[in-house]
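Asks: Below: one structure in structure tokens.
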Amino acid sequence: MTTGVRRRMGVEERRQQLIGVALDLFSRRSPDEVSIDEIASAAGISRPLVYHYFPGKLSLYEAALQRASDDLAARFMEPHEGPLGARLLRVMGRYFDFVDEHGPGFSALMRGGPAVGSSTTNALVDSVRQAAYVQILSHLGVTDPPARLELVVRSWISLAESTALIWLDGRRIPRAELETQLVHDFAALTAVSAAHDEEMGALLRRVIEDEPADGPFGDLVGRLIGIAG
């Protein structure tokens, strides 16, 4: 009978393992409730060895948030093919996949968790928001957004965040309905802005031209007509 020999990990490999273990634990419980001892046990190493790779829980927490923020930002990446409404709906599906899988970690990322006041944590949140902003502008084919468009896009990103955080508190509304509602919200914010600005009106008309009647934007129009009627 042969005995398995535990392979010694390199420094970076061990760091990545610890980040993955911490992120998994933070995804299931609030980071405040997860101890270094728990992380060490889940990683199969001693508590002192954790401190060999990270000076403290805060640094490990921030490293885990860095990985989470990179993952979350990537959820907004989408091929520039097909109607905008369908693209945004796929983005929201991936966004809520992350929220669903990493509830406490998502809340910690957006609310600060044990790292409240940490410039690193705040920078990570800002990087996710900026990545989402850039991606949405690219889908709109805009490189130099007017002030009203910037307001619409950034407001919508904030709305998606707050909607996800509220949904996590009880999940009282079906997830798929919220994903569609957020796409409708984007259209509604754009339409309201277009009512006040011709440049936004031209952008809205360009977007609507490519939207099928059975797409998310067409669905919104049908629902509004039904209410008005």
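The values are calculated or read from the model by the stated rules, or taken from the named source; none is laboratory data. On a predicted model such as this, the values are computed, not experimentally measured, just so you know. Backbone-built Cβ (ideal geometry, glycine too); neighbour counts: all protein chains shown.
Asks: Based on this model, can you work out whether E81 counts as exposed (fewer than 15 other Cβ atoms within 10 Å of the Cβ) and acidic (D, E)?
Replies: On the way: exposed (fewer than 15 other Cβ atoms within 10 Å of the Cβ): yes; acidic (D, E): yes.
Yes: the conditions hold for E81.
Conditions tested, residue by residue: (1) at pLDDT 95 or above; (2) farther than 26 Å from D24 by Cβ.
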site	(1), (2)
S69	no, no
A74	no, no
H80	no, yes
L89	yes, yes
S107	no, no
T121	no, no
I136	yes, yes
L149	yes, yes
L168	no, no
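Asks: Determine which single condition F54 fails, assuming it passes every other condition in (1) in contact with a helix residue (DSSP H, G or I) (Cβ under 8 Å, 6 or more places away or on another chain); (2) within 27 Å of Q135 (Cβ to Cβ).
Replies: Every listed condition holds for F54 apart from (2).
Yes/no matrix, rows are residues, columns are (1) among the polar types (S, T, N, Q); (2) over 21 Å from L137 (Cβ atoms); (3) modelled with pLDDT of 95 or more; (4) within 18 Å of the chain's Cα centre (by Cα):
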site	(1), (2), (3), (4)
W156	no, no, yes, yes
L159	no, no, yes, yes
V183	no, no, yes, yes
E209	no, no, no, no
G218	no, yes, no, no
R223	no, yes, no, no
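Asks: Would you point out which residue out of R171, R206 is at positive phi and surrounded by fewer than 18 Cβ atoms within 10 Å (Cβ to Cβ)?
Replies: Numbers: R206 fails: at positive phi.
Criteria check complete, one pass: R171.
Asks: Based on what the data block shows, is L89 among the aliphatic types (A, V, I, L, M), part of a helix (DSSP H, G or I) and either surrounded by 15 or more Cβ atoms within 10 Å (Cβ to Cβ) or under 22 Å from the mean Cα position of the chain (by Cα) (or both)? Working first, answer last.
Replies: Numbers: among the aliphatic types (A, V, I, L, M): yes; part of a helix (DSSP H, G or I): yes; either surrounded by 15 or more Cβ atoms within 10 Å (Cβ to Cβ) or under 22 Å from the mean Cα position of the chain (by Cα) (or both): yes.
So L89 passes the test.
Asks: Please specify each residue of the range 118-167 satisfying the condition of being more than 24 Å from P79 (Cβ to Cβ) and aromatic (F, W, Y).
Replies: W167
Asks: Residues in the range 17-56 that are buried (at least 18 other Cβ atoms within 10 Å of the Cβ), in contact with a Lys or Arg (Cβ under 7 Å, 6 or more places away or on another chain) and of a type in the set (A, V, I, L, M, F, W, C): how many?
Replies: 3
Asks: Inside the range 57-82, can you point out the residues that are among the basic types (K, R) and outside any helix (DSSP H, G or I)? Full working, then the answer.
Replies: So in the range 57-82, the residues among the basic types (K, R) come out as 57, 67, 75.
Result: R75, single match.
Asks: Determine, yes or no, whether V99 is aliphatic (A, V, I, L, M), surrounded by 13 or more Cβ atoms within 10 Å (Cβ to Cβ), assigned to a helix (DSSP H, G or I) and free of Cβ contacts under 8 Å to residues at least 40 places away in the same chain.
Replies: no
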